[in-house]
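One structure below.
Every number here is computed from the coordinates shown, using simple stated rules; none is lab data. Not measured: the values here are computed from a predicted model. Positions of Cβ are backbone-derived with ideal geometry, glycine not excepted, and every protein chain shown enters the neighbour counts.
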């Protein structure tokens with residue numbers, strides 16, 4: 001449900017509220033990490049998306065192949 005809220009806030013252009021939802025979610029949830037990184041990419045915040053990807057890996061969450069594509073998109077910004 002949290003990932004859906006992140007997506008909804010992102011579609012409304014409200015990354016700040018998406019971040020609030022993300023911060024309240026349990027760590028280790030790959031779907032939530034992915035949704036938040038995609039939120040930053042959609043809002044043209046490539047550096048934030050890349051930084052969040054690094055944080056995710058530091059916290060022990062391994063990215064899946066789809067996440068690599070998202071992070072590459074962030075690097076292209």
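Below 8 Å, C-alpha to C-alpha, sequence gap of six or more: please give me the relative contact order for region 2-75 in percent.
The value is 29 percent.
Within 10 Å, count the other beta carbons around each residue, average over each peptide in 58-68, 10-20, 36-46, and list them highest first.
The most tightly packed comes first, giving 36-46, 10-20, 58-68.
Can you tell me the length gained on complete extension of the stretch residue 59 to residue 8, counting 0.36 nm per residue apart and subtracting the Cα distance? Can you show the working numbers first?
Values: separation 51, 0.36 × 51 = 18.36 nm, distance 2.53 nm.
Extending this stretch completely gives an extra 15.8 nm.
Evaluate 2.2 N^0.38 Å with N set to the residue count of the chain, then give the Cα radius of gyration divided by it.
Here the Cα radius of gyration is 0.97 times the empirical estimate.
Pop a pseudo-label 7 angstrom from the Cα along the beta-carbon direction at both residue 1 and residue 17 and give the gap in nm to one decimal.
1.7 nm
With all pairs of different alpha carbon atoms counted, what Kirkwood hydrodynamic radius in Å does region 36-77 show? It would help to have the intermediate numbers written out before the result.
On the way: mean 1/r = 0.1014 Å⁻¹.
Radius from the Kirkwood sum: 9.9 Å.
Under the rule of -39500 (n - 2.57) per DSSP H run of 4 or more residues, summed and divided by the residues of the chain, what mean residue ellipticity at 222 nm is obtained, to the nearest 500 deg cm²/dmol?
-22500 deg cm²/dmol
Where the centre of each part is set by its Cα atoms, how far does region 33-54 sit from region 1-26, in angstrom?
For region 33-54 versus region 1-26, the Cα centre distance is 12 Å.
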